[in-house]
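> Quick one: the structure is below, questions incoming.
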Amino acid sequence: MLTLKERAENYNRTFERYSRLAWLQASDRWLWGVWIIGNNYSNKNKYYGEYPPGYLDRVMSLFPDIDEDNEILHLFSGSLDESVEGIRVDINPELKPDIVGDAEKLSEFLPFSPKLIIADPPYSEEDAKHYGTCMVNRNKVVQECAKVLKPGGFLVWLDQVIPMYRREELELVGTIVIRSTNHRVKMVFILQKVGFERTYELVELNE
């Protein structure tokens, strides 16, 4: 399994031409950075809430060791094209995902254990109305992701709010600030499922 430093290095090599506006750094236990994706109003599917242009390419450059369809899950996949690598899950059957299902019940119907879950949930009640769905319970969805992920697997969560998670299930290992279309600011939260072999010691901080 690649270290966080190796993941950041692979990203920086891949997007070297954007080094001034889109960089990553990492230590043994933490990855952080800023992605200035820029203003791009193209949306060929005319679907509200589509990924920022280039977002998936950037995310996948962090995980060059995860490259098989049944290792990657796109949660809240929306209008994501079927040619994209991975299994698409969405609650709306009209969008023709690979699997139709409620993310809050993911462990009840997902037939495999992914190494990588890329999730882009509604950020607010207003966003949910645009999708024609109810606002999701972030805590439930993250718990479900923890259930299905393989040990050492990653959850990449794009949101404006950090989701709650259980430390015995997941560890927050990275954050990336994104500025995209209309200067909207979002955060990428990278969580790793507990069960992997750490290369460092956890230190409890006393107040």
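> Name the residue that is modelled with the lowest pLDDT, counting only residues in segment 1-44 that are hydrophobic (A, V, I, L, M, F, W, C) and in a loop (DSSP other than H, G, I, E, B). Step through it out loud before you land on a result.
Residues of segment 1-44 that are hydrophobic (A, V, I, L, M, F, W, C), as a first pass: 1-2, 4, 8, 15, 21-24, 26, 30-32, 34-37.
Those left that are additionally in a loop (DSSP other than H, G, I, E, B): 1-2, 15, 21, 30, 37.
Numbers: Met1: 87, Leu2: 94, Phe15: 89, Leu21: 65, Trp30: 96, Ile37: 76.
If we take residues in segment 1-44 being hydrophobic (A, V, I, L, M, F, W, C) and in a loop (DSSP other than H, G, I, E, B), then Leu21 is modelled with the lowest pLDDT.
> Looking at Asn182 and the list (1) at pLDDT below 90; (2) assigned to a loop (DSSP other than H, G, I, E, B); (3) surrounded by fewer than 13 Cβ atoms within 10 Å (Cβ to Cβ), which single condition is not satisfied?
So Asn182 meets the others, but not (2).
> Count, please, the residues in segment 71-90 that happen to be touching a Phe, Trp or Tyr at 6+ places or on another chain (Cβ under 7 Å) and modelled with pLDDT of 85 or more.
Within segment 71-90, the subset touching a Phe, Trp or Tyr at 6+ places or on another chain (Cβ under 7 Å) is 78-79, 90.
The next check asks that each one be modelled with pLDDT of 85 or more; those that pass are 90.
Of the residues in that region, 1 qualify.
Here's the yes/no breakdown for (1) farther than 23 Å from Ile176 by Cβ; (2) surrounded by 16 or more Cβ atoms within 10 Å (Cβ to Cβ):
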site	(1), (2)
Arg58	no, yes
Asn70	yes, no
Leu75	no, yes
Ile87	yes, yes
Asn92	yes, no
Lys96	yes, no
Asp102	yes, yes
Glu108	yes, no
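> Which members of segment 1-34 meet the condition of being farther than 27 Å from Lys150 by Cβ and loosely packed, with under 15 Cβ neighbours inside 10 Å?
Glu16, Arg17, Ser19, Arg20, Leu21, Val34
> Could you tell me whether segment 91-112 includes any residue that is within 14 Å of the chain's Cα centre (by Cα), modelled with pLDDT of 90 or more and at positive phi?
no
> Would you call Pro64 at pLDDT 95 or above, surrounded by fewer than 19 Cβ atoms within 10 Å (Cβ to Cβ), of a type outside the set (Asp, Glu) and assigned to a loop (DSSP other than H, G, I, E, B)? Give the steps one after another, and end with the answer.
Numbers: at pLDDT 95 or above: yes; surrounded by fewer than 19 Cβ atoms within 10 Å (Cβ to Cβ): yes; of a type outside the set (Asp, Glu): yes; assigned to a loop (DSSP other than H, G, I, E, B): yes.
When the stated conditions are applied, Pro64 passes them.
> Now a separate question. Here's a check for you: in segment 135-162, which residue that is among the hydrophobic types (A, V, I, L, M, F, W, C) and assigned to a loop (DSSP other than H, G, I, E, B) is surrounded by the most Cβ atoms within 10 Å (Cβ to Cβ)?
From segment 135-162, those among the hydrophobic types (A, V, I, L, M, F, W, C) are 135-136, 141-142, 145-146, 148-149, 154-158, 161-162; that's our starting set.
Checking which are assigned to a loop (DSSP other than H, G, I, E, B) leaves us with 135-136, 149, 161-162.
Details: Met135: 15, Val136: 19, Leu149: 24, Val161: 13, Ile162: 13.
Out of the qualifying residues, it is Leu149.
> OK, next. Could you tell me how many of the residues in segment 74-106 are small (Gly, Ala, Ser), within 20 Å of Met60 (Cα to Cα) and in contact with a helix residue (DSSP H, G or I) (Cβ under 9 Å, 6 or more places away or on another chain)? Before the answer, list the steps.
Residues of segment 74-106 small (Gly, Ala, Ser): 77-79, 83, 86, 101, 103.
Still in the list and also within 20 Å of Met60 (Cα to Cα): 77-79, 83, 86.
Those still in the list that are in contact with a helix residue (DSSP H, G or I) (Cβ under 9 Å, 6 or more places away or on another chain) too: 77-79, 86.
Residues that pass the stated criteria total 4.
The values are calculated or read from the model by the stated rules, or taken from the named source; none is laboratory data. A quick note: this is a predicted structure, and the numbers were derived from the prediction, not measured. Note that we place each Cβ from the backbone using ideal geometry, even for glycine, and neighbour counts take in every protein chain shown.
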